[in-house]
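Taking it in order: structure first as structure tokens, then the write-up.
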Amino acid sequence: MHNDKFYSTKAKNMESSKIREISKIISKRDIISLAGGMPSPDTFPIKIVSDLSSQLLKEKGSEALQYGTTTGYRELRGKVAEKLNENFDTSVDGENVLITSGAQQALYLIGKVFVERNDEVVVEAPTYASILQILQELEADVKDVKLKEDGFAVEEFEKYLENGGNPKLSYFVPTFQNPSGITTSGKKRRKLVQLADENDFLVVEDDPYHQLRYSGDNIPPIYSIDDQNRTIYVGTLSKLLAPGLRVGWIVARREFIDKLQLAKQPVDLCTNVFSQHLAYRYLKEDIIDRQIEKIKGLYKDKRDHMLDALRKFLPKGVDWTSPEGGMFIWLSLPEVIDTEEMFQEALDDGVAYVPGAVFYGNSPKKNTMRLNFTFVEEEDITEGVRRLGRLIESKVDGS
Ligand SMILES: Cc1ncc(COP(=O)(O)O)c(C=O)c1O
């Protein structure tokens with residue numbers, strides 16, 4: 001039997017995410033992984049989840065185990081709105097919130113509702129790899145705008161617009177970006193809102209790391225400074241509670257939420273109801289605030305540890321970002337090095353990273369890589385970076 005005959009054209013064109021492939025290889029070997037984007041399991045509040053679960057089953061078991069509405073558990077929607085208003089001085093209502101199975105589903109639904117074949121979509125270069133997978137499936141025309149130390153290159157974006165660029169949507173991770181760790185300045189956020197107004201396109205703000213700030217001052221989300229309400233905000237509990245629970249959300253104007261929930265109905269009927277009830281209790285009792293403080297303490301030390309190791313072990317000619325929060329550091333190596341080509345050697349040396357090319361819509365910069373500092377223990381961060389430094393040095397010397 002020839003399987004191919006049965007596949008849709010879409011299925012034939014599907015490609016596996018490189019990061020998922022890398023994770024598969026690494027999980028089978030004894031390798032220090034600075035590659036994945038996973039939280040430290042030390043941050044998972046297992047006892048809290050266990051207590052909340054028993055309480056929940058006792059008090060609302062039959063509701064928590066039943067199907068729910070597609071838009072999400074009403075109390076949770078209200079709580080998410082309340083927390084946003086508290087943190088960012090917005091005036092969001094529960095009706096503006098759609099609960100999703102993580103931020104990833106939120107992005108997929110946004111793609112489904114707003115992007116048609118050949119639609120221009122602006123992303124940062126580099127950008128979150130999984131948005132590229134979605135846009136590729138939708139056959140969007142991806143336009144990438146270079147990312148500088150303080151956010152997207154404004155002149156490049158303006159030039160693209162002046163030359164007839166006609167984006168329908170733009171996608172930004174403005175705070176502690178995955179993969180670069182870069183935060184877009186307040187000035188550039190205002191500029192983006194202005195460009196979106198003048199050129200009538202939507203802004204998707206993907207914001208999973210906002211509350212994981214270890215230094216510097218808070219910069220309000222784009223959503224909170226957008227008077228025209230053309231920003232669609234995506235949030236998640238993956239990094240503030242546990243990714244396995246799969247609770248995320250979209251915040252947007254009511255009409256968009258209505259459309260998005262229509263797109264969601266055939267996908268899953270509803271997000272995991274048990275997880276939503278747990279999430280509600282986690283937010284309601286403000287357990288999240290104490291938990292965020294703990295996570296920040298742990299990750300700040302890990303970030304500092306990785307920055308120290310980079311300073312100590314990496315040869316001249318290598319640059320890296322110094323993120324004020326989040327989970328990632330971005331490295332730019334001398335141009336003679338192709339990090340995809342070097343990847344197998346790094347694995348043989350017992351260390352893994354993500355080659356930077358996977359984070360580009362167009363024209364990948366092959367001399368870049370993403371490192372994660374949250375997942376492994378501090379000794380392994382040091383050892384992993386030491387091995388990387390040695391490998392990079394041998395490449396520079398050998399060139
Ligand atoms: C920028 C960005 N968006 C979305 C996601 C997906 O998050 P979730 O686990 O909530 O689906 C991630 C996860 O790493 C991410 O970094």
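The values are calculated or read from the model by the stated rules, or taken from the named source; none is laboratory data. Please read these numbers as outputs of a predicted model, since none were measured by experiment. All Cβ positions, glycine included, derive from the backbone under ideal geometry; neighbour counts span all protein chains shown. We work out accessible area using only protein heavy atoms, side chains counted, and drop any ligands, DNA or RNA first. Shrake-Rupley method; radii C 1.70, N 1.55, O 1.52, S 1.80 Å.
The table for this structure:
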read-out	value
Efficiency of FRET between K146 and N218 - r from beta-carbon atoms, R0 25 angstrom, step 0.05	0.50
Rg/Rh ratio calculated on Cα atoms of region 222-274 (Kirkwood radius)	1.03
Debye, to nearest 20: dipole size of region 62-285, +1 on Lys, Arg Cβ, -1 on Asp, Glu Cβ	620 debye
Eligible lysines near K187 by straight Cα distance, threshold 17 Å, same-chain separation 8 or greater	K146, K148
Listed peptides 46-53, 368-375, 7-14, 149-156 by packing density, highest first (mean Cβ within 10 Å)	368-375, 149-156, 46-53, 7-14
For the chain, calculated [θ]222 nm from helices alone, where every DSSP H run of n ≥ 4 adds -39500 (n - 2.57)	-14500 deg cm²/dmol
Heavy-atom SASA rank of S224, S54, S27, S91 (probe 1.4 Å, accessible area, largest first)	S91, S27, S54, S224
For region 281-399: relative contact order, % (alpha-carbon pairs under 8 angstrom, 6 or more apart)	31 percent
Among H305, H210, H277, residue whose mean-square fluctuation peaks in a GNM of the chain (springs only between Cα atoms under 10 Å)	H305
Candidates K143, K18, K159: whichever shows maximal mean-square fluctuation once the chain is modelled as a Gaussian network with Cα springs under 10 Å	K159
Stokes-Einstein D for the chain, Kirkwood Rh over Cα pairs, 20 °C, 1.002 mPa s (µm²/s)	97 µm²/s
Relative contact order %, region 62-285, counting alpha carbon pairs below 8 Å whose residues are six or more apart	29 percent
Candidates E63, E205, E162, ranked by Gaussian network fluctuation over the chain, Cα under 10 Å, top entry	E162
Overall dimensions of region 1-109 by Cα: Rg and Dmax, Å	20.3, 60
Debye, to nearest 20: dipole size of the chain, +1 on Lys, Arg Cβ, -1 on Asp, Glu Cβ	740 debye
Prolate/oblate/rounded label for region 89-150 (Cα gyration tensor, a/c 1.5)	oblate
Sites matching GluC sites (Glu not before Pro) across region 304-399 that sit in DSSP coil, with at most 13 neighbouring C-beta atoms within 10 Å	E335, E377
Region 23-98 - percent relative contact order, Cα under 8 Å, separation 6 or more	19 percent
All aspartates and glutamates inside 12 Å of K12 as judged from Cα atoms, apart from same-chain residues fewer than 8 positions distant	D4, E137
